[in-house]
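The values are calculated or read from the model by the stated rules, or taken from the named source; none is laboratory data. It should be emphasised that the depicted structure is a prediction, and the values quoted were computed from it without experimental measurement. So basically every Cβ, Gly included, is an ideal-geometry build from the backbone, and we count neighbours across all protein chains shown. Note: accessible area is taken over every heavy atom of the protein model, side chains too, but ligands, DNA and RNA are not part of it. Shrake-Rupley method; radii C 1.70, N 1.55, O 1.52, S 1.80 Å.
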Amino acid sequence: TRGLPTLWLRFREMQSNAGEIANYLVDASHVQSVNYPGLENNRGGYSYGENARRLFTGWDGEFAPGYMLSFFLEGRTEEDQTLRAERFLQYIARKNDQFWNRSMVVAVSLGGFVTLIERPGGGTHATINPAERALWGIRGGLLRLSIGTSPFEDTVSMLEKAMRYAFQKGSQSLRRSG
């Protein structure tokens, strides 16, 4: 309960960061679509529109789209998307070996002050039948972010570096090793 007095401050910062990150991802190269209720222009993703404004309200009655978002990476096939998403996460996991460099962490959770990222098809929803996952829109290239309070610039920097790693030359026709 010690953190309750500052919860609203953290939530407000996380939500603001989520909106900025979602808008960044909409225009980012190699991103097929973005899902975030606060987006006005949702290239390729679900359009929430007025439903979101009606459903997502905060303690003050204002629009509160939250701090969770997801996005799909581009790929020629679903397998290609999945492998690129795995490479994306590998980059972030490797870069987080140094404690002081943790603007983003690969983890299955819903929140905290650090931005968390995971691939639902290989984590939270891995035990669900693939056909059922597909009906829910959970395909291999889907990445989910739980945005934290890390500065926007740090989060975008990590996303850009992970994107370059996932799409670097020589990885166009990715194959599972082993």
Item to complete: Could you grab me the full set of residues in region 55-76 that are in contact (Cβ under 8 Å) with a residue 24 or more places away in the chain, surrounded by fewer than 16 Cβ atoms within 10 Å (Cβ to Cβ) and not in a loop (DSSP other than H, G, I, E, B)?
Response: PHE63
Worksheet item: Of all residues in region 1-28, how many are open to solvent by less than 80 Å² (accessible area, probe 1.4 Å), more than 19 Å from TYR48 (Cβ to Cβ) and of a type in the set (Ser, Thr, Tyr)?
Response: 1
Discussion item. When the residues of region 95-138 are narrowed to those that are among the charged types (D, E, K, R) and assigned to a loop (DSSP other than H, G, I, E, B), which ends up modelled with the highest pLDDT?
Written reply: ARG119
Worksheet item: Looking at region 139-151, which of the residues that are in a strand (DSSP E or B) and open to solvent by less than 20 Å² (accessible area, probe 1.4 Å) is modelled with the lowest pLDDT?
Response: LEU142
Worksheet item: Going through region 8-30 one residue at a time, which ones are of a type outside the set (Phe, Trp, Tyr), farther than 16 Å from MET104 by Cβ and in contact (Cβ under 8 Å) with a residue 24 or more places away in the chain?
Response: ARG10, GLN15, GLY19, SER29, HIS30
Worksheet item: Which number in (1) open to solvent by 40 Å² or more (accessible area, probe 1.4 Å); (2) modelled with pLDDT of 90 or more; (3) closer than 21 Å to GLU20 by Cα marks the one condition that TYR165 misses?
Response: (3)
